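Have a look at the structure below before the remarks.
Only the coordinates and a few stated rules stand behind these numbers; no lab work does. Quick caveat: nothing in here was measured; it's all calculated off a predicted structure. Quick reminder, even Gly has a Cβ in these numbers, built from the backbone with ideal geometry, and neighbours come from all protein chains shown.
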Amino acid sequence: MNNFDTFLSQLGATESGGVLSPLDLSTTFHRNADGSYNDELVYIRNDNPNRRQLEQALAFLEGGTDAFAFASAQAATLAILHLLPAQSHVIIPDDGYFGVGALLSEVFPESLLFSKVDMTDLKQVEMAIKPQTRMIWVETPSNPQLKITDLGEIGKICARHKILFVVDNTLSTPLLQQPFRYGADLILHSLTKYLNGHSDVLGGMVVLREKTDLQERMKMLQKIGGGVLSPFSAWMTLRGMRTLALRLRKHCENASLLANYLSTHPQIERVLYPGLSGHLEHEIAKKQMTDFGGLLSICVKGGAEAAMKVQAQTKCFVRATSLGGTESLIEHRASVEIGTQTPQNLLRLSVGLEDVQDLIDDLRQALQQLDA
Ligand SMILES: *Cc1c(COP(=O)(O)O)cnc(C)c1O
């Protein structure tokens, strides 16, 4: 994304000459004597300069027309699901961020129907489509099993059946994968992960490909729904995004080296990382991603007990949930997901920016405990 830096530098402050835009915390804005507003800024929930800059940056990076920032990706997902008429049917991945299924079953149990499908199998996707199917929700790579869904093929299915195509692009960011090229209508991001990248902001974003009636409805859901991103979080996220390209390069490099090391380790049953040539959908990943990201999962020999033992012993990898920060994290996903299909021996690794040798040494010593 060669001209993103140009884009960022144009966001500089105009009044002071500072190279950064100031943080604007005003909740309300001056009204002219004739009742009009300058720059259409009225009230903080409707719009704010910092939020607007971040929205423009995401729309730019994804190649979309507009973007809407929310207080979290879950708030953004809630708004997306509110686009659907009652009794709509939604197809979601069988492996993916568990919060989408949780919203569908806990918040919309009466009004929306959904099916969970293994989206690596396109026949299953076709077969799950009903007359009232209005949305296919894709997460690729998926989390925590790192399955890859063919975006181009899902795009064709959605176009054929006139179904809204939503992609959660959190794991890849627009720098590694561009879902609009494959016909996605809406892209979701958790800013909380790689985009901000420093484990200190909660936020979400919806990006729209085209100017359709969805644009006004998203704006309404943001402004009237009120689950908006704060100016400070927007400002912080733009700060984080200034190093996104650099960080991602290192996340990908570290994850790839670690995946290669782990795939030959005798205590590991399976390494799930789309960059490995042995990954089931490696060829699709190569086609639609420019690199394979910083997240990987390992299945440890010896079941849940062995997995718990390994995560208990890491010193460099921090035991914590979430992903996309500078620090490496390790997590036993099955014990935090409700009604999970995640293998009991799976550990998810969010590979950070440390020296990769430290990370390899850390996992080596933790896995050694299994020999004891
Ligand atoms: C974390 C995450 C979310 C939810 O993000 P929040 O900002 O915590 O609401 C959604 N999708 C993916 C892929 C995630 O990793």
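The table that follows gives values for the structure above.
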quantity: Pair R181, V42: separation of 7 Å Cα→Cβ label points (nm); calculated: 3.9
quantity: Estimated FRET transfer efficiency when R0 is 45 angstrom, pair S16-K287 (beta carbons, to 0.05); calculated: 0.45
quantity: For the range 321-372: relative contact order, % (alpha-carbon pairs under 8 angstrom, 6 or more apart); calculated: 35
quantity: Positive minus negative residues near A307 (Lys, Arg vs Asp, Glu; Cβ under 15 Å); calculated: +2
quantity: Too-long pairs where the Cα-Cα distance tops 24 Å, listed order kept, from K211/K287; K250/K287; K123/K147; K193/K301; K130/K211; K211/K286; calculated: K211/K287; K193/K301; K130/K211; K211/K286
quantity: Sequence of L363, L257, L208 once ranked by neighbouring C-beta atoms within 10 Å, starting from the fewest; calculated: L257, L208, L363
quantity: Estimated 222 nm signal from helices in the chain, with DSSP H stretches of n ≥ 4 weighted -39500 (n - 2.57), rounded to 500; calculated: -10500 deg cm²/dmol
quantity: 0 to 90° range, to nearest 10: angle between helix 49-62 axis and the chain longest Cα axis; calculated: 60
quantity: Where GluC sites (Glu not before Pro) fall in DSSP loop in the range 1-68, at most 14 other Cβ within 10 Å; calculated: E15
quantity: Computed E for A372/D34 - FRET, C-beta separation, R0 51 angstrom, nearest 0.05; calculated: 0.05
quantity: Net charge, D185 excluded, C-beta distance under 10 Å - Lys, Arg +1, Asp, Glu -1; calculated: 0
quantity: Efficiency of FRET from Cβ geometry, R249 and E337, R₀ 30 Å, rounded to 0.05; calculated: 0.50
quantity: Fewest-first sequence of Y182, Y43, Y273, Y97 by Cβ atoms within 10 Å of each Cβ; calculated: Y43, Y182, Y97, Y273
